[in-house]
Amino acid sequence: MNAAAVQEPLIFELSVEGRVGCALPKSDVPHYELPKDLERETLNLPQVDELTLVRHFSRLSQKNYSIDTNFYPLGSCTMKYNPKANEVAANMAGWRLSHPLVGEKYSQGSLELIYRLQASLAEIGGFKAVSLQPAAGAHGELSGILMIRKYLLDHGETKRTKMLIPDSAHGTNPASCTMAGFVTQTIPSGPDGNIDMKALKAALDDTVAGIMITNPNTLGLFEKNIERIAALVHKAGGLVYGDGANMNALVGVFKPGEAGIDVMHFNLHKTFSTPHGGGGPGAGMIAAGKTLAAYLPGPTVAMKRGKFEFEMPEKSIGHVKAFYGNFGVLVRAYSYILLQGREGLRRIAENSVLNANYLKAKIEKTYPVKYPHSCMHEFVAMGDIAPGIRTTDIAKRLIDYGIHPPTVYFPLIVPEALMIEPTETESKATLDMFVDAMLAIAKEAKEEPELLHNAPVTTPVGRLDEVLAARNPILCYKD
Amino acid sequence: MSIDAGARYAESHEYARQEGATVVVGISDHAQAELGDIVFVELPQVGKVIGKGQNFGTVESVKAASDLYMPIGGKVVEVNAALQSDPALVNKDPYGAGWMLKVEPTNLSEMDQLLDAKSYGKTIGEE
Amino acid sequence: MPFIANTDADRKAMLDAIGKSSVEELFADIPEKRRFPELKLPEGKSEQEVLRELADLASRNLTPERKAWFLGAGAYNHFIPAVVPALASRGEFLTAYTPYQPEVAQGTLQSIFEYQSMAAELLGVPVVNASHYDVATALAEGIIMALKNYSDRTEVLLPRDLHPEYKKVVELYLEPFKVELREYVGAPEVAPVSDKTACLVASYPTFTGEVYPLAKAAEAAHSVGALFIVQADPMMCALFKSPGAQGADIVAAEGQCLGNPMNFGGPFLGMLGTTTQLMRKIPGRLVGQTKDSADRRGFVLTLSTREQHIRREKAVSNICSNQGLTMLQTCIYLAAMGKNGMRTVASLCYDKAHYAAELINGTPGYKVQTNSFFKEFLISTPIAAEEIFDRLVKRGFVPGLPVSRYDASKPNELLVCVTEVNTKSEIDSLAQLLKEVAQ
């Protein structure tokens, strides 16, 4: 019987008193008493033997879709293949067993890797300096906004408390601004799907600290006015933050640092192929041009007389996390860049943009695309294509075709949004399979809508009651 | 879509219904239908004084959270404790058992600035 | 080109379908002068060459493979059972995305639920999130939770003996807030709480290893209406009373010691938990149990209206990702160890550390400074700790952290960590070597 279909008990439900999972060595030292008033009485963790443990987690894994098993056209997530070579690289004992505090003298391997990755990413983005401290994209955003904040305070600009954010922005953008103490003002997108220049000019006053721009934006469109926008914001006394989540469309094709972006993050778990791991860990490199380079979070790595050492950038905002960033993720990203090389990096952008445009051309007559102009590495279609059918229904029915749904209901400015990003690692054959599935579902939507409303039916569970989960939260096992 | 004829309405869909010296506040049937299944209602502490148009709490569905604004200003004298365990009351009976606050109004004339049932009905496209 | 399946023939067919004649045309929106810049990077290399280059770099790091290891201070050398990497590295876990579509992510969701459950038991609080980046950021966000709980309290009491790395992160995260950070020395129960205090923060144990009981501190904080936040060693909680059981409202802990390699400081695992009262204010993902229309049990992300993708600028935090893989490794580790294994591992650490402390205390010139400890303790040294460090490394031992790395005014202090991996023979030799280098 297919493991995926059978309900898997909770590890607690598999527990049997006395079972031993991992045998430990006997103590070779005397026993010491615990402080009486602090001794813990009970510890209700499960007790399972190793084989039960292995079967449990193996079967759980089989209930997942993953890049290794399924196509994942998730817009904005860049679900490209995670090379196995990166895993071998990251698991080398010299990385895995290295301690952050053993001293620079004894960590020259790690420091050199960080140094070289900093330099490679700076070159790719067209920036002066890079810090690999942030643990995720959102963490990079917070770092960048805190850098802008410190710069403005250093220059006595206490009135500038407002960040401008396009209405198509990812939710982390305004959330990061709030955490950094800014208020946000939304700038609408124009009919061409780019930032509305008139609205932007009207919003630029002496309370503006800056703007956060995603380029290409979440509609999959290149912000054509990017350099003008940066110039206008600078003239008004603000700074420009670049959200690099969509860098997959631009590697080797465009350097954001040359267009006036002052500080930008990349998501190493998107463009640079590090695995998503069911939600993380990621890594959110942050890069800066000459205005903000001194403010980067530290420590970063510098090379002095052939040796590598830590340094805090001169006006650094400080530490955004303990130690040196998600080093294990950095190893994978660096391995990837070495494998790609300068030619390979450009081919990523070329093929990801080509793949997206191909899919758009094949489905746009059936699923209207809000901005039918040529897209970059992703595009946004709309899923309400028949009476009573919503994007959710299309998404859930795709699962029955063995495909992970695209991103749904984002960006917020497109109703019934379906954001589709194939990435460059998918073959034409896979893309054609996706097109066939989407067209078949469109036909079902008109002729047999119940198939969509009841979907998915081929999964371990059907649509789940999220209202119940939120009204009566059960967040841990109770026996 | 039902509209309580005895209440007056803010454009943001909160209602205010006078009951003796206090005013009962909640959200309209139209509002609860738009939100979908409500999973949580966050209400202020009793005793708090909140002005007209100020935020007094939030109402959450699975996929959205909406701020709630005072239709008239006043002191909160009672909140509907039943909503803690059964937020669905707002969906089932928004004008009755799904009430949210009872308020001692600071300025009763603020009621006149609200829409009456008929005008509110027009704004949401009802007869 | 690596990892690109399409051939030139595929690309031609696709361009035909789009009605373009070259890929370059697809980039027409990019200003011409900016298009296709030169990348001053080397050419791509083969897998073989890349792995050789990285192995060579990796070999320049000093690791516990070649030395007896007594260095902790926030990154710990524990034994990781083979099942942990074997199961966590399965492609269906490793390359899965965030479980936003629960029907195809029950593997990830159920393992998060199991992690939440085991972490809740360990830390003693009913609500634990699906993880934060590390304990420093988890602690910072826990303090922000406390500040937001009050409209008129701005004081945060921090222990002076908080790990310097964590303290720096807390300071940065709190900069945009109206807050007064005040340090206290010694036990948390004598910290100067008042009705201005939003939260009292305690370390359990402290940076120098001191274990202070927490119950009276919780009472003191609660008596003035403040929240009690504990930053804890989760392995210690297997043996010692949990922070939750002693009254903590918010608990932050570093899960690296539970099944995750040291990896030069990351990725680690920020464990963050709280009480039912504060459940809707905790940042990060939460997985809840529910069912489908056929009454089958399933798991979903829940209470999502706290999060950035829904609440945007009003979200509890900007956090989007969790530390999925490191959380999974800890989940498998806790399940493999289980109730008895966790107590055994923690006891081995405790006993070996106390044995080491006894020997070192009896070594002329050295004195143990910590009164009550778990696996780590501070010693004063007769000569500079950095000097001892370098000399012992040459003899095959990494003796601990010279505290002067963080505080130049303390050159003769060394933080020593002993885990279940250290043998009696290693400990005996450590004491012997410490004696020799002091002469």
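Here are some notes:
- Calculated P(r) tail over 21 Å for the range C:287-410, as whole % of Cα pairs: 66
- Cα gyration tensor shape of chain A, rounded if a/c is under 1.5, else prolate or oblate by comparing a/b with b/c: oblate
- Neighbouring Cβ atoms from other chains, within 10 Å of the Cβ of residues in A:14-24, number 5 on average.
- In the calculated pair-distance distribution of the range A:86-339, the portion above 32 angstrom amounts to 20 percent of the Cα-Cα pairs.
- Proximity of backbone amide H atoms, modeled 1.01 Å from N, is registered between A:M163 and A:V183, A:T184, A:Q185, A:A209 at under 5 Å, excluding neighbours fewer than 5 places apart on the same chain.
- At R0 = 51 Å, FRET efficiency that the Cβ-Cβ distance of A:T161 and A:K26 yields, to 0.05: 0.25
- Placing a label point 7 Å from the Cα of C:E38 along the Cα-to-Cβ line, the residues of the range A:238-264 whose backbone N sits under 17 Å from it are A:252-255, A:258.
- The alpha carbon centroids of the range A:180-253 and the range A:77-126 are separated by 32 Å.
- Neighbour-count ranking [beta-carbon atoms within 10 angstrom, fewest first] of C:S203, C:S194, A:S27, C:S347: C:S194, A:S27, C:S347, C:S203
- With viscosity 1.567 mPa s and temperature 4 °C, the Kirkwood radius over alpha carbon pairs of the range A:122-199 converts through Stokes-Einstein to a diffusion coefficient of 92 µm²/s.
- Two-site FRET efficiency, A:F310 against C:R182, from Cβ-Cβ distance with R₀ of 30 Å, rounded to 0.05: 0.50
- For a label point 7 Å along the Cα-to-beta-carbon line of B:E104, residues of the range B:3-31 with backbone N under 19 Å: B:17-25
- Ordering A:G289, A:L398, C:G365 by Cα displacement along the dipole of the protein assembly as shown toward the positive end leaves C:G365 in first place; charges were set at the Cβ atoms of Lys, Arg (+1) and Asp, Glu (-1).
- Candidate lysines - alpha carbon under 21 Å from C:K394, same-chain residues fewer than 8 apart omitted: A:K105, A:K307, C:K67, C:K424, C:K435
- Under Karplus coefficients 6.51, -1.76 and 1.60, residue-wise ³J(HN,Hα) of the range A:273-283 in Hz, glycine/proline x: 6, 6, x, 6, x, x, x, x, x, x, 7
- For the range A:1-138, the normalised intensity computed at q = 0.09, 0.13, 0.14, 0.21 Å⁻¹ comes to -0.62, -1.07, -1.12, -1.30 (log10 of I(q)/I(0), Debye sum over alpha carbons, equal scatterers, no solvent).
- Candidates C:I282, C:I143, C:I383, ranked by Gaussian network fluctuation over chain C, Cα under 10 Å, top entry: C:I383
- The range C:105-224: proportion of alpha-carbon pairs further apart than 26 angstrom, %: 25
- Rounded, prolate or oblate (a/c below 1.5 giving rounded, otherwise prolate when a/b exceeds b/c) for the range C:83-334 by Cα gyration tensor: prolate
- Partner aspartates and glutamates whose Cα lies under 15 Å from the Cα of A:K428, excluding those fewer than 8 positions away in the same chain, are identified as A:E350, A:D436, C:D8, C:D10, C:D16.
- The reciprocal of the average 1/r between distinct C-alpha atoms defines the Kirkwood hydrodynamic radius, which for the range A:200-283 equals 13.8 Å.
- Global dimensions of the protein assembly as shown from alpha-carbon coordinates: Rg and Dmax equal 28.9, 98 Å.
- Scoring C:132-142, B:12-22 by mean Cβ neighbours within 10 Å over their residues and listing the highest first yields C:132-142, B:12-22.
- Amide H contacts under 5 Å for B:E78, placed H, 5+ residues apart: B:K102
- Cleavage-rule hits (GluC sites (Glu not before Pro)) in the range C:1-50: DSSP loop, at most 15 neighbouring Cβ within 10 angstrom: C:E38
- Simple label model, 7 Å out from Cα along Cβ direction - A:D205 to C:R66, nm: 6.4
- C:S372-C:D56 pseudo-label distance in nm [points 7 Å out on the Cα-to-Cβ vector]: 5.4
- Positive dipole terminus of chain C, leading residue within C:L272, C:A221, C:Q48 (C-beta point charges): C:A221
- Approximate spin-label separation C:D428-C:Q48, in nm, with each point projected 7 Å along Cα-to-Cβ: 4.9
- Summarising the overall dimensions of the range B:9-127 from its C-alpha atoms, the Rg and Dmax are 13.3, 38 angstrom.
- Here the calculated FRET efficiency for A:E447 and C:A17, from their Cβ-Cβ distance with R0 = 30 Å, stands at 0.70, rounded to the nearest 0.05.
- Projecting the Cα atoms of C:L26, C:P102, C:A13 onto the charge dipole of chain C (Cβ charges, centred on the Cα centre) puts C:P102 farthest toward the positive pole.
- Per-residue Cβ neighbour rank within 10 angstrom, fewest leading, C:V190, A:V208: C:V190, A:V208
- Inter-chain shielding of A:289-301 (mean C-beta neighbours from other protein chains, 10 Å cut-off): 0
- Loop-located GluC sites (Glu not before Pro) in the range C:148-199 whose Cβ has at most 16 other Cβ within 10 Å (DSSP): none
- Largest GNM mean-square fluctuation across C:L71, C:L147, C:L62, computed for chain C with C-alpha springs under 10 Å, falls on C:L62.
- Using every pair of separate Cα atoms, the Kirkwood estimate puts the hydrodynamic radius of the range C:266-339 at 14.4 angstrom.
- For B:K75, the aspartates and glutamates whose Cα falls under 20 Å of its own Cα, not counting residues fewer than eight places away in the same chain, are B:E14, B:E19, B:E42, B:D67, B:E104, B:E110, B:D112, C:D152.
- Sparsely packed trypsin sites (Lys or Arg not before Pro) within the range A:376-479, loop by DSSP, other Cβ within 10 Å at most 12: A:K478
- Most mobile of C:A82, C:A28, C:A215 in a GNM of chain C (Cα contacts under 10 Å): C:A28
- When the pairs A:K159/A:K224; A:K315/C:K168; B:K48/B:K118; A:K84/A:K304; A:K360/C:K12; A:K255/B:K63 are compared against a 26 Å limit on Cα-Cα distance, A:K159/A:K224; B:K48/B:K118; A:K84/A:K304; A:K255/B:K63 fall above it.
- Coarse-grained scattering of chain C at q = 0.06 Å⁻¹, given as base-10 log I(q)/I(0) from a Debye sum over alpha-carbon atoms: -0.32
- Our coupling estimate for the range A:129-138, obtained by passing each phi through the Karplus curve with A = 6.51, B = -1.76, C = 1.60 and θ = phi - 60°, is 8, 9, 10, 9, 5, x, 8, 6, x, 4 Hz, Gly and Pro reported as x.
- Part-to-part distance (alpha-carbon centres) for the range C:298-338 and the range A:284-316, which is given in Å: 31
- In plain terms, the chain from A:E364 to A:L51 could stretch by 107.7 nm, reckoned as 0.36 nm per residue minus the Cα-Cα distance.
- The range A:36-103: C-alpha gyration tensor shape, a/c 1.5 cut-off, then a/b vs b/c: oblate
- Residue mean of other protein chain beta carbons inside 10 Å, A:246-255: 3
Any read-out appearing in this document is the output of simple, stated calculations on the displayed coordinates, not a laboratory observation. Bear in mind that the values here come from a model prediction, so they are computed numbers and not experimental data. With ideal geometry, Cβ positions are generated from the backbone for all residues, glycine too; neighbour counts draw on all protein chains shown.
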